[in-house]
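One structure is given below, encoded as structure tokens.
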Amino acid sequence: MTVQTRFYQVSGYRAHSNGWFKQYDDKPMIRTLASETSKYFRPGGSDAPLELVLGILPCGASYVLLTTEQMHLFTQKYRLNIPRGSWRSSDFLSLSPIYFRSEAELSSKLATYKQRPRNKNRRETEQPRDNSQANRGYISGPVLVHYRAYFEQQRMLYHLMDKRISPEKFALSPPSWLSGIRVISVVFVQWSVDKRRRDERLQNPSLIEVGITDAHFPSFLDTFSGTSLHLKLKQAAKNPHSKVT
């Protein structure tokens, strides 16, 4: 179950952090943020990585976020202006932890949100939009890109089962079903030299190995016990009408 909370964007297009320390220069903000050691920023301890929030929008674009608690603590400590407006948790398909072990890691990530110079040939009537390295491929079209959020949701599930994070920080209520989850994992390997057309390979794939594991969580994290099955093709695989295997 989700809880409606608010988040604040760090760096990038129309970020809430713009102008906190120096206009159009995130270096002072990055340096200060990376030095934070409180439990709100490093729940694993002062020597643990910095924990922020990664939000994925329905279009697939991503942003690095601060929680409301982090934002208030940060702005009060350094006497910064409290941002107007905010992102709502419901704006995102997924909210998950993102970790930074050093100032360099944080700087490298936030650099991908830097806006490119405006195209001189762009029409004046065109609406400005995020053209950063991280997001320009997702913002430009109307297509919804859910796979990035789905991947982050699986990470969240694992973190919740392993009790690594606080659900409330990511706009979640502790789920009642978390104490008993059945996970079935299926992995398969296709024959790499299949020369059929792509549509034929997708419709009737040539599998040479299949692995299946059935496990119950969170007990699996303690016992590493489950049921696994490994199937492997014994005969030589070959292309149709081919004499060479």
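The values are calculated or read from the model by the stated rules, or taken from the named source; none is laboratory data. Just so you know, these numbers come straight off a predicted model, no measurement behind them. Note: ideal-geometry Cβ built from the backbone for every residue, glycine included; neighbour counts use all protein chains shown.
Suppose we filter the range 154-165 for residues that are surrounded by fewer than 15 Cβ atoms within 10 Å (Cβ to Cβ) and part of a loop (DSSP other than H, G, I, E, B); how many remain?
Residues in the range 154-165 being surrounded by fewer than 15 Cβ atoms within 10 Å (Cβ to Cβ) and part of a loop (DSSP other than H, G, I, E, B): 3 in total.
Filtering the range 1-34 down to residues that are under 18 Å from residue 96 (Cα atoms) and modelled with pLDDT under 90, which residue is nearest to the chain's Cα centre (by Cα)?
To start, the set of residues in the range 1-34 that are under 18 Å from residue 96 (Cα atoms) comprises 1-11.
Now narrow it down to the ones that are modelled with pLDDT under 90: 1-4.
Values: 1: 19, 2: 17, 3: 19, 4: 19 Å.
Once the filter is applied, the top-ranked residue is 2.
Could you identify the single residue in 109, 39 that is surrounded by fewer than 18 Cβ atoms within 10 Å (Cβ to Cβ) and not aliphatic (A, V, I, L, M)?
It is 39.
Output the residues belonging to the range 53-105 that are of a type in the set (Phe, Trp, Tyr), in a loop (DSSP other than H, G, I, E, B) and in contact with a Pro (Cβ under 9 Å, 6 or more places away or on another chain). Give the derivation first.
Quick first cut of the range 53-105, residues of a type in the set (Phe, Trp, Tyr) only: 63, 74, 78, 87, 92, 99-100.
Still in the list and also in a loop (DSSP other than H, G, I, E, B): 78, 92.
Scanning the range 53-105 gives a single hit, 92.
In the range 123-144, is there at least one residue being outside the structural domain of residue 95 (by TED's automatic domain parsing), of a type in the set (Lys, Arg), exposed (fewer than 13 other Cβ atoms within 10 Å of the Cβ) and modelled with pLDDT under 85? Explain how you work it out, then say what you get.
First, the residues of the range 123-144 that are outside the structural domain of residue 95 (by TED's automatic domain parsing): none.
Within the range 123-144 (the criterion being outside the structural domain of residue 95 (by TED's automatic domain parsing), of a type in the set (Lys, Arg), exposed (fewer than 13 other Cβ atoms within 10 Å of the Cβ) and modelled with pLDDT under 85), the answer is no, since none of the residues qualifies.
Considering only residues that are over 16 Å from the mean Cα position of the chain (by Cα) and of a type outside the set (Lys, Arg), look in the range 145-166 and name the one that is modelled with the lowest pLDDT.
162
Of all residues in the range 18-68, which are of a type in the set (D, E, K, R) and over 15 Å from residue 113 (Cα atoms)? Explain how you work it out, then say what you get.
Initial filter on the range 18-68 (of a type in the set (D, E, K, R)): 22, 25-27, 31, 36, 39, 42, 47, 51.
22, 31, 36, 39, 42, 47, 51 - these are the residues of the range 18-68 that are of a type in the set (D, E, K, R) and over 15 Å from residue 113 (Cα atoms).
May I ask you to verify whether residue 176 is under 30 Å from residue 97 (Cα atoms) and either out of contact with any strand residue (DSSP E or B) (no Cβ under 6 Å at 6 or more places or on another chain) or surrounded by fewer than 12 Cβ atoms within 10 Å (Cβ to Cβ) (or both)?
yes
Tell me the residue from 188, 151 that is in a strand (DSSP E or B) and aromatic (Phe, Trp, Tyr), please. Quick ask: steps written out before the conclusion?
Details: 151 fails: in a strand (DSSP E or B).
Of the residues listed, the single one that is in a strand (DSSP E or B) and aromatic (Phe, Trp, Tyr) is 188.
Name the pairs whose Cβ atoms lie under 7 Å apart, with the first residue in the range 51-73 and without any contact (Cβ under 8 Å) to a residue 12 or more places away in the chain, the second small (Gly, Ala, Ser), and 6 or more positions between them or separate chains?
Listed by first residue and then by second, the contacts come to nothing, as the list is empty.
If you go through the range 87-104, how many residues are among the polar types (S, T, N, Q) and surrounded by fewer than 18 Cβ atoms within 10 Å (Cβ to Cβ)?
Quick first cut of the range 87-104, residues among the polar types (S, T, N, Q) only: 89-90, 94, 96, 102.
From the residues that got through so far, the ones that are surrounded by fewer than 18 Cβ atoms within 10 Å (Cβ to Cβ) too are 90, 102.
Residues in the range 87-104 being among the polar types (S, T, N, Q) and surrounded by fewer than 18 Cβ atoms within 10 Å (Cβ to Cβ): 2 in total.
With the requirement that a residue be over 21 Å from residue 88 (Cβ atoms), in contact (Cβ under 8 Å) with a residue 24 or more places away in the chain and among the hydroxyl-bearing types (Ser, Thr, Tyr), what does the range 156-181 give you?
The one that is over 21 Å from residue 88 (Cβ atoms), in contact (Cβ under 8 Å) with a residue 24 or more places away in the chain and among the hydroxyl-bearing types (Ser, Thr, Tyr): 179.
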